[in-house]
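Peer 1: Before I ask anything, let me first share the structure, which is written out below as structure tokens.
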Amino acid sequence: MNKAVWVLQVLVALAFAGAGGTKLAKSGTELRADPNMAWSTDFSDAEVKTIGSAEVAGALGLILPAATGVVPVLSPVAGVALGALMGGAVIVHVKRGESPVFPLVLGLLAMTAGLLRLHLLRRRRA
């Protein structure tokens with residue numbers, strides 16, 4: 001099960017690092033020109049950059065604490081926080097009349113990865 005959790009965590013972290021990195025690397029004008037980022041018209045450039053920063057931080061949080069053994073409980077916290085972030089994304093997409101499926105699935109995967117890591121931590125202590 002540990003290998004499956006690692007695979008899930010890495011895949012979810014890559015998805016969030018890519019999405020957050022895109023928000024950080026592109027200008028607000030470039031993001032708004034992308035049809036997949038139409039939601040960004042509802043937010044200021046600073047807000048979009050903050051969302052991108054949270055996604056990148058969450059991606060790092062899923063991997064680094066568990067990999068280094070330094071405060072490994074932060075990996076499940078990162079997973080749940082990313083799930084909450086995607087809950088906000090679902091709300092934005094629903095209000096805009098867009099499909100909330102991608103953020104919903106990604107959020108559930110992040111929360112699952114985090115909660116599985118928590119389960120492994122608790123099992124190791126027992």
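The values are calculated or read from the model by the stated rules, or taken from the named source; none is laboratory data. Just so it is clear, the structure is predicted and the values come from calculations on it, not from any experiment. Counting neighbours? That spans all protein chains shown, and the Cβs are built from the backbone with ideal geometry, glycine included. With ligands, DNA and RNA removed, areas are computed over all heavy atoms of the protein, side chains included. Shrake-Rupley method; radii C 1.70, N 1.55, O 1.52, S 1.80 Å.
Peer 1: Return one number: the angle in degrees, 0 to 90 and rounded to the nearest 10, between the long axis of the Cα atoms of helix 2-25 and the longest principal axis of the Cα atoms of the chain.
Peer 2: The two axes meet at around 30 degrees.
Peer 1: Moving on to the next point. Once you charge only the Cβ atoms, +1 for Lys and Arg and -1 for Asp and Glu, what is the size of the charge dipole of the chain about its Cα centre, to the nearest 20 debye?
Peer 2: 680
Peer 1: Specify which labelled value, from [x] 92; [y] 106; [z] 185, agrees with volume of the Cα convex hull per residue in Å³ derived from the coordinates of the model shown.
Peer 2: The calculated read-out lines up with [x].
Peer 1: Moving on. Any chance you could give the angle, 0 to 90 degrees and rounded to 10, that helix 45-68 forms with the longest Cα principal axis of the chain?
Peer 2: On a 0 to 90 degree scale, this one is about 10.
Peer 1: Also, quick follow-up: Taking a temperature of 4 °C and a viscosity of 1.567 mPa s, what whole-number D in µm²/s does Stokes-Einstein yield for the stretch 79-121 with Rh from Kirkwood over alpha carbon pairs?
Peer 2: Here the translational diffusion coefficient equals 125 µm²/s.
Peer 1: Excluding residue 20 itself, calculate the net charge of residues whose Cβ lies under 12 Å from the Cβ of residue 20, where each Lys or Arg counts +1 and each Asp or Glu counts -1.
Peer 2: Every neighbour counted, the sum reads +2.
Peer 1: Right, something else. Leaving out ligands, DNA and RNA, and with a 1.4 Å probe, what % of the accessible surface on the chain is carbon or sulfur?
Peer 2: Of all accessible area on the chain, carbon and sulfur atoms account for 70 percent.
Peer 1: When the dipole is taken about the Cα centre of the stretch 1-58, and only Lys, Arg (+1) and Asp, Glu (-1) are charged at their Cβ, what size is it in debye, to the nearest 20?
Peer 2: 240
Peer 1: While we're here: Provide the per residue accessible area, probe 1.4 Å, for the chain, rounded to a whole number of square angstrom.
Peer 2: 55
Peer 1: Follow-up. Round to the nearest 0.05 the FRET efficiency obtained for residue 27 and residue 64 when R0 = 35 Å and r is the Cβ-Cβ distance.
Peer 2: 0.75
Peer 1: To continue, here is another question. Of the options 102, 38, 115, report the single residue whose Cα projects farthest towards the positive end of the charge dipole of the chain (beta-carbon charges: Lys, Arg +1; Asp, Glu -1).
Peer 2: Farthest towards the positive pole: 115.
Peer 1: For residue 121 and residue 2, compute 0.36 nm times the residue count separating them, minus their Cα-Cα distance, and round to one decimal in nm.
Peer 2: So the extension gain works out to 41.8 nm.
Peer 1: How would 3, 26 rank on accessible area, largest to smallest, probe 1.4 Å?
Peer 2: So the residues, ranked largest to smallest area, are 3, 26.
Peer 1: Once both axes come from the Cα atoms, what is the angle between helix 74-95 and the longest principal axis of the chain, in degrees from 0 to 90, rounded to 10?
Peer 2: So the helix axis and the longest Cα principal axis differ by about 30 degrees.
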